[in-house]
Amino acid sequence: MKSVNIISIFTGISMFMFGFLKLFYPISEWFHIQISKSGLSGYLYWPGILSEILVGLLLLSAVFFRKRIPLHLLKIVLLFGSMWVIGNMAVAVYVHLQPAVPAYVLPLKIKPPYMPLFFIVLAAINMLLISKVPAKAEIDF
């Protein structure tokens with residue numbers, strides 16, 4: 001199922017880049033404002049960045065090394081990565097919905113959480129497609 005590869009690669013690259021870009025000004029400052037204005041603990045600044053980078057690397061590694069990983073383990077890793085994306089994006093939805101968080105510090109500078117919801121739906125679709133892969137399927141999905 002090539003769609004699993006495509007979704008996992010797109011989601012992996014996006015998540016990695018979201019996290020990586022938060023290491024640099026001005027996005028690092030915007031992220032700090034998001035955390036502080038949303039009422040989340042300041043201690044979540046680095047875990048938030050690392051979480052996005054790590055889930056991106058997990059998804060990309062699983063796809064690029066899929067031929068070396070047993071299928072049942074590959075499915076578990078991709079399902080876990082997709083659930084992790086949903087968790088990260090659930091926090092992003094929460095941040096978007098906080099009235100004190102200004103739109104100028106959010107991606108696309110808009111308050112409605114369109115991007116986080118898009119990635120939640122994408123990860124959910126990925127999980128559905130992964131769960132439908134037969135136990136003896138070809139690794140080349």
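Read the figures in this text as sums done on the coordinates, not as results from a lab. None of the values given here were measured: they were computed from a predicted structure. Neighbour counts are summed over all protein chains in view; Cβ atoms, including those assigned to glycine, are modelled from backbone coordinates with ideal geometry.
For the range 51-107, the convex hull spanned by the alpha carbon atoms encloses 69 Å³ per residue.
By count of other Cβ within 10 Å, fewest leading, how are H96, H32 ordered? Let's see the in-between values first.
On the way: H96 21, H32 14.
By the 10 Å Cβ count, ascending: H32, H96.
Among the helices of the chain, those built from whole DSSP H runs whose Cα atoms reach 18 Å or more along their own axis and whose mean Kyte-Doolittle hydropathy is at least 0.5 are 2-21, 45-64, 71-97, 114-131. Under 30 Å of direct C-alpha separation, and excluding same-chain neighbours fewer than eight residues apart, K109 reaches these lysines: K22, K37. Filter the chymotrypsin sites (Phe, Trp or Tyr not before Pro) in the range 1-105 down to the DSSP loop ones having no more than 16 other Cβ atoms within 10 Å, then list what survives. Those that pass, being in a loop and sparsely packed, are F24, F65. Computed on the chain, the Cα convex hull volume stands at 92 Å³ per residue. Under 24 Å Cα to Cα from K75, which lysines show up? Leave out anything in the same chain fewer than 8 places away. Answer for K75, where 24 Å is the Cα cut-off: K2, K67, K132, K136, listed by chain and number.
Per-residue ellipticity at 222 nm, computed for the chain from helices alone with -39500 (n - 2.57) per DSSP H run of at least four residues, works out to -23500 deg cm²/dmol.
Across the chain, C-alpha contacts under 8 Å between residues 6 or more apart give a mean separation that, scaled by the residue count, equals a relative contact order of 34 percent. Find me the longest stretch of the chain that has none of the exposed trypsin sites (Lys or Arg not before Pro), where exposed means in a DSSP loop (not H, G, I, E or B) with at most 16 other Cβ atoms within 10 Å. Formally, the longest exposed-site-free interval is 1-131.
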